[in-house]
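To start, the structure itself, in structure tokens.
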Amino acid sequence: MRKRRVRTRVSSTTRHVFMILAVVVSLYPVLWMVVSSLRPDGHIFNNPSLVLNTFDTSNYTHGWNALGRPFGVYLLNSAIVVLGAVTGNLITCAMAAYAFARLRFRFQRPAFAAMLMTIMLPIHVVVVPQYVIFAHLHMVNSFWPLILPKFFATDAFFIFLMVQFIRGLPRELDEAARIDGAGHWRIFGQILLPLMTPALATTAIFTFLWTWNDFFSQLIYLTDPNLYTVPVALRSFIDAQGKSSYGSMFAMSVVSIVPLLLLFAFGQKYLIRGIATTGGK
Amino acid sequence: MSLAELQRAARRTPKVAAKPDTHDNKAALQFLGPWIIGFFGLTLGPMLASLVLSFTDYNLLQNAKFVGLDNFAHMLTDTRLHQSIKVTFTYVLVGVPSQLLVALFLALVLDRGVRGLTFYRSAFYLPSLLGSSVAIAVLWRLVFGGQGLFNDILGWFGVSAATSWIADPSTALSTIILLHVWTFGSPMIIFLAGLRQIPREYYEAASCDGATIWRQFRHITLPLLTPIIFFNLVLAIIGSFQAFTQAFIVSNGTGGPTDSTLFYTLYLYQQGFGQFRMGYASALAWLLVVIVGALTAVNFWASKFWVHYDD
């Protein structure tokens with residue numbers, strides 16, 4: 001009996017040690033990036049330790065103004081695109097989800113199937129014609145191509161997420177409201193939406209995450225440097241700086257992930273639950 | 001009554017059931033309106049347009065010129081395309097299983113009961129959250145560069161290396177694969193959720209019968225996990241085939257050195273938005289859909305041999 005207890009205690013300790021090591025190895029690159037951004041330029045390389053001898057914020061002041069405009073402009077641009085995307089997704093995906101989950105209409109089944117199929121569709125097969133459409137509408141060098149599609153429920157993943165959620169809400173609520181004379185919009189807006197806050201939160205958070213990090217679309221549509229969003233601006237750091245001033249690049253990289261870290265800190269519950277239940281990234 | 005008579009009788013019966021199926025048509029149009037416009041105008045329409053474009057030569061400035069199967073014929077001799085397919089397949093075939101194995105392993109360790117599970121789960125998820133960002137790709141460039149963190153750490157173990165791993169054609173792709181493996185947190189969370197659903201009684205019963213941990217894993221855990229492994233596998237393959245940001249940043253848009261990191265989507269981007277050969281890019285996009293679709297279909301077909309569903 002005693003032998004077994006010792007064995008499990010030992011293996012539990014090894015497990016702990018192993019896990020802590022794994023976390024350290026896993027997070028080391030990120031920690032090193034943060035620490036390096038606070039070291040003067042010359043001290044960044046050949047300096048793999050996480051020990052901070054100096055607390056030098058010059059990289060941040062240099063990096064902030066290193067590109068054509070103050071980095072805040074790019075943060076604001078990203079914020080605008082993200083805000084538009086989140087708003088669009090919340091409104092139109094919830095509406096579509098209500099239709100799929102609560103209404104009965106012609107072509108419902110094929111429409112639902114079509115919606116599901118678009119979840120896995122590679123965007124590259126629509127990006128060229130979409131670009132042509134926006135080019136003809138003279139919207140190419142603007143935020144419109146990045147925001148407008150979200151107002152047409154093109155992120156079907158969230159429609160699916162919300163449909164699953166609504167299906168878990170008892171229909172009796174709808175019925176009760178209908179008996180009181182409520183039409184579909186009242187039922188949707190006053191009964192269901194308030195109950196859907198977890199699904200809405202998950203949608204908002206994942207839209208934020210994916211849009212903030214979206215490099216491909218923003219690279220394609222934003223050619224005016226004043227309109228650059230954070231990913232595109234960071235990329236031009238590689239071009240602009242070349243060999244010099246890695247410190248500035250690190251500093252601005254850290255700045256660019258701060259919103260994600262905040263999202264992580266406050267939205268963890270929804271992020272992890274969202275992934276566990278639906279497999280989103 | 002014969003079958004034909006029965007059918008005739010059924011047809012003659014008024015279809016009372018049809019009405020409830022369509023009485024929300026008007027409301028559906030209102031709620032589904034934006035999606036309908038989006039589906040036809042931004043998805044289906046462009047898909048068909050892109051199919052048409054793949055038979056043309058189009059550079060956005062002049063009108064599209066019909067060239068028949070020229071784009072597809074060109075694909076057969078386009079060595080850069082073949083290279084990009086090779087690179088992407090390597091990335092998917094090496095990176096996806098590696099990432100899932102790490103995710104599964106750590107999920108198993110965590111599931112056995114470690115204090116601070118939520119801490120570890122969040123800590124491992126963070127790289128996944130940041131992993132698709134330009135910032136991390138930029139960091140990766142510098143970690144694996146000549147004077148990078150990786151070489152310094154190798155120095156701790158007595159290995160002196162000064163090579164730039166991202167500038168060496170034989171290792172550049174590996175650094176990107178490593179980046180993908182590093183983001184194992186997301187599938188790990190899914191595995192954890194799946195492991196939690198396996199009833200503890202199974203393990204208890206097995207260990208009463210004297211089964212070792214390994215045997216418990218092989219005969220209880222693994223079979224019951226196969227649906228989730230399958231799910232993760234399908235999603236990971238579809239997703240990683242479209243990887244772009246990491247390849248672009250690490251190679252600075254070139255796909256180099258010597259096209260060793262020329263991912264498929266990067267090549268597509270170069271053709272369509274670098275050289276504005278939009279007809280060819282459309283053809284490439286459709287080829288991507290076909291490849292991903294075929295891989296998914298193969299995955300589903302193969303699943304009947306190894307995925308156990310709880311019936």
Problem - Residues of region A:9-49 satisfying the condition of being at pLDDT below 85, surrounded by 12 or more Cβ atoms within 10 Å (Cβ to Cβ) and either facing chain B (nearest Cβ under 10 Å) or out of contact with any helix residue (DSSP H, G or I) (no Cβ under 8 Å at 6 or more places or on another chain) (or both) - result: A:Ser11, A:Ser12, A:Arg15, A:His43, A:Ile44, A:Phe45, A:Asn46, A:Asn47, A:Pro48
Practice task
Report whether or not B:Ile136 is surrounded by 24 or more Cβ atoms within 10 Å (Cβ to Cβ), more than 9 Å from chain A (Cβ to nearest Cβ) and under 26 Å from B:Leu106 (Cβ atoms).
Solution key: no
Problem - Selected residue [surrounded by fewer than 23 Cβ atoms within 10 Å (Cβ to Cβ), part of a helix (DSSP H, G or I) and within 8 Å of another protein chain (Cβ to nearest Cβ)] from B:Pro127, B:Pro97 - result: B:Pro127
Practice task
Please state which of the following conditions B:Gln83 fails to meet, knowing it meets all the rest: (1) assigned by TED's automatic domain parsing to the domain that holds B:Asp259; (2) at pLDDT below 95.
Solution key: (2)
Fill in the blank from the handout: For region B:262-300 the number of residues that are at the interface with chain A (Cβ under 7 Å from one of its Cβ atoms) and surrounded by fewer than 24 Cβ atoms within 10 Å (Cβ to Cβ) is 5
Handout entry: Selection from region B:1-28 of residues that are within 8 Å of chain A (Cβ to nearest Cβ) and modelled with pLDDT of 65 or more
Key = B:Thr22, B:His23, B:Asp24, B:Asn25, B:Ala27, B:Ala28
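Every residue, every condition in (1) of a type in the set (Lys, Arg); (2) assigned by TED's automatic domain parsing to the domain that holds B:Ala172; (3) at negative phi, yes or no:
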{"site": "B:Cys208", "(1), (2), (3)": "no, yes, yes"}
{"site": "B:Arg215", "(1), (2), (3)": "yes, yes, yes"}
{"site": "B:Leu224", "(1), (2), (3)": "no, yes, yes"}
{"site": "B:Pro227", "(1), (2), (3)": "no, yes, yes"}
{"site": "B:Asn232", "(1), (2), (3)": "no, yes, yes"}
{"site": "B:Leu235", "(1), (2), (3)": "no, yes, yes"}
{"site": "B:Thr245", "(1), (2), (3)": "no, yes, yes"}
{"site": "B:Gly253", "(1), (2), (3)": "no, yes, no"}
Problem - The one condition in (1) more than 12 Å from chain A (Cβ to nearest Cβ); (2) crowded, with 16+ Cβ neighbours inside 10 Å; (3) of a type in the set (A, V, I, L, M, F, W, C) that B:Ala205 fails to fulfil - result: (2)
Exercise for the section: Determine if region B:99-109 includes at least one residue that is in the same structural domain as B:Ser84 (by TED's automatic domain parsing), among the β-branched types (Val, Ile, Thr) and within 27 Å of B:Thr221 (Cα to Cα). Expected result: yes
Exercise for the section: Name the one entry in A:Asn77, A:Asn89 that is among the polar types (S, T, N, Q), in contact with an Asp or Glu (Cβ under 6 Å, 6 or more places away or on another chain) and modelled with pLDDT of 90 or more. Expected result: A:Asn89
Problem - Hits in region B:177-196 (condition: of a type in the set (S, T, N, Q) and more than 15 Å from B:Thr245 (Cα to Cα)) - result: B:Ser186
Problem - Where a residue in region A:103-131 is facing chain B (nearest Cβ under 8 Å) and its partner, wherever it lies, is crowded, with 17+ Cβ neighbours inside 10 Å and among the acidic types (Asp, Glu), with Cβ under 8 Å and at least six apart - result: A:Leu103/B:Asp24; A:Arg104/B:Asp24; A:Phe105/B:Asp24
Fill in the blank from the handout: Checked against (1) within 13 Å of chain A (Cβ to nearest Cβ); (2) modelled with pLDDT of 90 or more; (3) outside any helix (DSSP H, G or I), B:Asp259 satisfies every condition except (1)
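The values are calculated or read from the model by the stated rules, or taken from the named source; none is laboratory data. Since the model is a prediction, treat every value here as computed from it, not as a measurement. Cβ coordinates were reconstructed from backbone atoms using ideal geometry, including for glycine residues, and neighbour counts include every protein chain displayed.
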